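Structure first, then comments.
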Amino acid sequence: MSSKASACIITGLTLAFLYAATQGYAADSAPSVPTMAHVFHSVVPLGQDGLLLQPSKRSLILIASAQSSAFDGWQKVEGSANRIVDASTGHPVHRFPAYVDFRVTASTRRDGYNMGEPLYPTPCNAELDQYLLGLRFRLKIFHGLETRSLEPQVVRLVGVPAEVPYDERVYQVSFKLENVPVEDKVVLEVLSPEGQRISKFHLEF
């Protein structure tokens, strides 16, 4: 092979190597483009939970949601390395709203509710109506290894008045959150009239 042909081959390989390296550098250095994962509204569903009251063997369904006008327009944006929450204004959200309402429905009307998992046995020695009217609520906030509890500012019964016996009760429970980072884990706990936790619902962004 002539020296001229050898030089051409070497030059071609060198250019190919430089092109590949340049392309790799460009790919590595290009900023990742985040993709929007979820858009929130003022009402954030928190799920449902099923209990089997003992010894009556009646089923109790708990359904919860969190409510705040500040949630409307929040976006969970997932990039290559970070997960952030942006408001509809485009500014990052750093903290939960100062006030958050939770709506909790406690119902023994299982028809219409799809509970795919076995119901959790829960003691209930009181009359059903008194048990539903005696439900209590607490908010737990987890910040790293630190945990603190909040009592509700207001607990309001929605719909059927307390003096009318009924097999379903709807609560509006309001909490004041002071300087709670949006990265913290917020958990609503539902307590029995005796103060035992019977269910919990997570509010996480």
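Listed by first and then second residue, the pairs linking a residue in the stretch 181-195 that is free of Cβ contacts under 8 Å to residues at least 40 places away in the same chain to a residue that is surrounded by 16 or more Cβ atoms within 10 Å (Cβ to Cβ), with Cβ atoms under 9 Å apart and 6 or more places separating them unless they lie on different chains, are GLU183/VAL85; GLU183/PHE205.
Looking only at the stretch 25-58, residues that are small (Gly, Ala, Ser), at pLDDT 90 or above and in a strand (DSSP E or B) come to 2 in all.
The values are calculated or read from the model by the stated rules, or taken from the named source; none is laboratory data. No experiment lies behind these values; they were computed from the predicted model shown. Neighbour counts run over all protein chains shown; Cβ positions are idealised from the backbone, glycine included.
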